[in-house]
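Please treat every number below as a calculation from the coordinates, not as lab data. In this text the structure is predicted, and so the values were computed from the model without any measurement. Cβ: placed from backbone, ideal geometry, glycine included. Neighbour counts: every protein chain shown.
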Amino acid sequence: MTDQPLLAVHDLVAGFRTDAGFVAAVDGVSFDLAAGAALGVVGESGCGKSALAYSIARLLPAAGRIQSGAVRFAGVDLATADERVLGTVRGRRLAMVFQDPMSSLNPYRRVGGLIAEPLRRHLGLGRTAAWRRAVELLTQVGIPDPEQRARRHPHELSGGQRQRVLIALALSCDPHLLIADEPTTALDVTVQRQVLDLIAAERGRRGLALILISHNLGVVAGMCDRVAVMYAGRMVESAPTAALFRDPRHPYTRALFAAVPRLGGARGQALAAIPGQPPTLTADRRGCAFAPRCPHAIDRCRTEAPAERVVADGHRLRCHVDLPTGTPP
Amino acid sequence: MNAELLRVEDLVVDYPARGGAVRAVAGVSFTVAPGETLGLVGESGCGKSTIARAVLQLVRPTAGRVLLSVNTGSAGSAGSAGSADTGSGVDLCTLSGSRLRACWRQVQMVFQDPSASLDPRWTAWRLVAEPLTGFGLAHGAAARTRAAELMDLVGLGADALDRYPHEFSGGQRQRLGLARALAVQPRLLICDEPVSALDVSIQAQVLNLLADLRRRLGLALLFISHDLAVVRHLADRVAVMQAGRIVECADAETLYAQPQHPYTRALLAAVPVMPLSAGSGAPL
């Protein structure tokens, strides 16, 4: 590949200051994202998927920091860039959508004003032009009666509409990359479908690259070209979507797939629960973090963290064990 | 043997609101047989949690009846609810005070957020023993012994007895909530989104535990969830709710294979599905 990726994350280590010292929530993550591509990041609570999203955008809370590694985006290393540079990137070429739109929308401002703000700041539009563009964006994201709604405050809209407003806000300055952190988790299933369809449509129309963080395997499967599975701060497996679901190689990926009740699965049978608990961030990090819960673990798994290796075209794996295709979890 | 443990008839629940009332439940009827699991699905605000609360009279229904059969054979020690049995059961809506409390021995509830129902200053065994002492079923050392048995039943070890709620994980706290609900040997357990706050690997553990307890104790479940796949996994029959009404109710196999109501179809069509995976061996 001679093309420069839009985003190149290299060996990123990020985490939080705690009483017990620095704990790494993101522990050596590397991946590339081409312009217009969509990567899904899945994993359970505390696996570091949101911390990864926030570190890429340099939006970690005060106790958080990037320890090492690089985040190259549009010619800038965001990991080391100063606030002035970040201010020209965030909200413009890189936009984010969060789980809870209420906490990212200023309740004192009218919806139109919220969307107009980045247009004025980044694109230098005047007050009237920015407002007009805001109404256009509300139309594009499917808000009914956009002229009226632009004058409303966030609390006057439904949850699904607020998420649409957040998407309009994120898309306002025509970003190259959209990072969506559990964008539909707070929504009902029918509204979730509408919001996912909207993100997919905008992505297609604008050639936008997408990082979609979700705990829901079905959501990422339908939206992304590639899916990465995170466990305890590490990307344990990543592959083109079809290949990952057809032929998951990591014992954790397989266990995760098998634990989900499905609409078409066998009824009444016990689900394949994963025994034990995910490790705490302060746990011993020498070996593979999944080893204590892994039925296939060998001695080496407990002492040596597996390096990433390529097992098939575009299929990357961090595991010492080679499971034959189709082995039950 | 009576075929119905719970019969809800034309249940209506209004919440007072500015300038009138909001009708959260608008005439709902259903039954739960002993040992049966009825799933109740629907989107937020459809009234499913209100039904759970109205059955227990935690909110008082505006109209309708909630009939609890008092003499159904079951694993639990049924006993008399201390009220006039009309033949079809006692109407909980007409009870209050000690007579209502007596019925709560038959019907217990597990909530979505286990932390909110566990006093953070109490140790695990005291939390589990509280219903025992509250209903006068056991005291002192006997209560502790019984609490240990209950915790064992839900898969919490003896070392957990003297721990505080914050020392447990989310899944373990839900087990603690289950142990509390099962302490009085109810015949019906109302589960309101019991696994919604849990990660999939832990969710699977708790769902398996519920299925196992149901089989071992002959428990009936009213299982409320927004997650269609979770309900399908556990329920014998499923009722689909929309805007305060049940729009469709059928046995689980039929409802998912041949949904009749347009809303049921829309709900099922909206669920994001995972493609086939070789590892799980389960078809889509």
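Key figures
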item	result
Taking A:Val229, A:Val85 and counting other C-beta atoms within 10 Å, the order from fewest to most	A:Val85, A:Val229
Ordering of A:175-185, A:244-254 by burial proxy (mean other Cβ atoms within 10 Å per residue, highest first)	A:244-254, A:175-185
Förster radius 41 Å - calculated FRET efficiency between B:Asp152 and B:Gln258 (Cβ-Cβ, nearest 0.05)	0.45
Residues whose placed amide H lies under 5 Å from that of A:Arg234, excluding near-sequence neighbours	A:Asp27
Cα shape, the range A:1-146, gyration tensor, a/c 1.5 rule	prolate
Scaled radius of gyration (Cα, divided by 2.2 N^0.38 Å) that the range B:111-184 gives	0.96
Gyration tensor verdict on the range A:216-329 (Cα atoms; rounded if a/c is under 1.5, prolate if a/b is larger than b/c, oblate otherwise)	oblate
Rounded Å value of the spacing that divides the Cα centres of the range B:41-73 and the range B:217-253	14
Cα-based Rg of chain B normalised by 2.2 N^0.38 Å, two decimals	1.01
In sequence order, calculated HN-Hα J values of the range B:241-247 (Karplus, 6.51, -1.76, 1.60; Hz; x Gly/Pro)	10, 9, 6, x, 10, 8, 8
Share of Cα-Cα pairs in the range B:176-284 lying beyond 23 Å, as whole percent	36
DSSP bridge orientation in the range B:150-284 - percent antiparallel, rounded to nearest 5	55
Shape call, the range A:242-287: gyration tensor on alpha carbons, a/c limit 1.5	oblate
Where the Cα pairs of the protein assembly as shown fall when distances are cut into 10 Å bins, in %	3, 15, 23, 25, 19, 11, 4, 0, 0
Neighbour-count ranking [beta-carbon atoms within 10 angstrom, fewest first] of A:Arg234, B:Arg121	B:Arg121, A:Arg234
Base-10 log of normalised Debye intensity for the range B:1-69 (one unit scatterer per alpha-carbon) at q = 0.12, 0.25, 0.26 Å⁻¹	-0.32, -1.16, -1.23
Around B:Val13: net Lys/Arg minus Asp/Glu count, Cβ-Cβ under 9 Å	+2
Spin-label model distance (nm) - B:Asp162 vs A:Glu83, 7 Å beyond Cα toward Cβ	5.1
Between helix A:127-140 and chain A: long-axis angle, C-alpha atoms, 0 to 90°, nearest 10	50
B:Glu9, A:Glu156 arranged by Cβ crowding within 10 Å, fewest neighbours leading	A:Glu156, B:Glu9
